[in-house]
1. I'd like to check something: does region 35-47 contain any residue that is closer than 20 Å to residue 134 by Cβ, at pLDDT 95 or above and in contact with a strand residue (DSSP E or B) (Cβ under 8 Å, 6 or more places away or on another chain)?
2. Just one of the numbered conditions (1) touching a helix residue (DSSP H, G or I) at 6+ places or on another chain (Cβ under 9 Å); (2) modelled with pLDDT under 95; (3) surrounded by fewer than 18 Cβ atoms within 10 Å (Cβ to Cβ) is not true of residue 50; which one?
3. Which of the residues spanning region 1-41 are touching a residue at least 12 places away in the same chain (Cβ under 8 Å), more than 30 Å from residue 104 (Cα to Cα) and not in a helix (DSSP H, G or I)?
4. Filter region 188-199 down to the residues that are loosely packed, with under 14 Cβ neighbours inside 10 Å and in contact with a helix residue (DSSP H, G or I) (Cβ under 7 Å, 6 or more places away or on another chain), then identify the one that is modelled with the highest pLDDT.
C-alpha cells in the first residue's frame, strides 16, 4: 500500500502504545483515543439475509449529516461533541486546548494521521500543551484497528441506530446524540485488553 508505515516504525509505535496502555491502567496517565465520523441520511446497511424475491431498501438522502467527535478511554469514559458543520483543524485545536487547561494528570491523546490532526495550527500548539501535561501520540499510518474509537463508530452506525431512526434528519440527529450521551452510562463497549504482541 502506498505510504504504508515501515514495519520497524509500525512495531516501535505499537510498543510505545502498549507502554502508554500500561501507564493508563496503572493510573499514572489518562489515555484518550480520538477520532471523528459523520452519520447522515445515507444509512449504513450491513449485509443481511433475505428471501430471493424480497426487496429490502431504506430511504436515503444526500447531505444532512451530523459530524461526531470523540475522546474515548478504554473504560468507556468519553468526551463527545456533535456538530452539523465540518470538523476542521481549528475545531480540533479548540477541543484539545479546552482539555489541556484543567488536566488532573499527564494526558495522552491517540490520533491517526488525518490532515486535521497534523495541521500547522496543531503543530504550533504542541509545546504549550506539553507544558500543561497534554501529549499527542500519532498512530502508525493506515492502522485504524489500533484506534478504539473506530469501534464506537461501528457500534453507533450498525447496532445502536435502527433503520427507523433514518426517517428524517431531526429524528436521526436526536437518536445519534441520545446514543452517544449514553456511552459509559447505559451503553458500554467491552474493549479487549491491548495486546503488545505483533502477531
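1. yes
2. Failed condition: (1).
3. Those that are touching a residue at least 12 places away in the same chain (Cβ under 8 Å), more than 30 Å from residue 104 (Cα to Cα) and not in a helix (DSSP H, G or I): 1, 3, 4, 5, 38, 39, 40, 41.
4. Checking each candidate, the answer is 196.
The rows are residues; the columns are (1) under 24 Å from residue 112 (Cα atoms); (2) loosely packed, with under 13 Cβ neighbours inside 10 Å.
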{"site": "152", "(1), (2)": "yes, no"}
{"site": "156", "(1), (2)": "yes, no"}
{"site": "169", "(1), (2)": "no, no"}
{"site": "172", "(1), (2)": "no, no"}
{"site": "175", "(1), (2)": "no, no"}
{"site": "182", "(1), (2)": "no, yes"}
{"site": "186", "(1), (2)": "no, yes"}
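The values are calculated or read from the model by the stated rules, or taken from the named source; none is laboratory data. A quick note: this is a predicted structure, and the numbers were derived from the prediction, not measured. Here the Cβ is made from the backbone with ideal geometry for all residues, glycine too, and neighbour counts use every protein chain on show.
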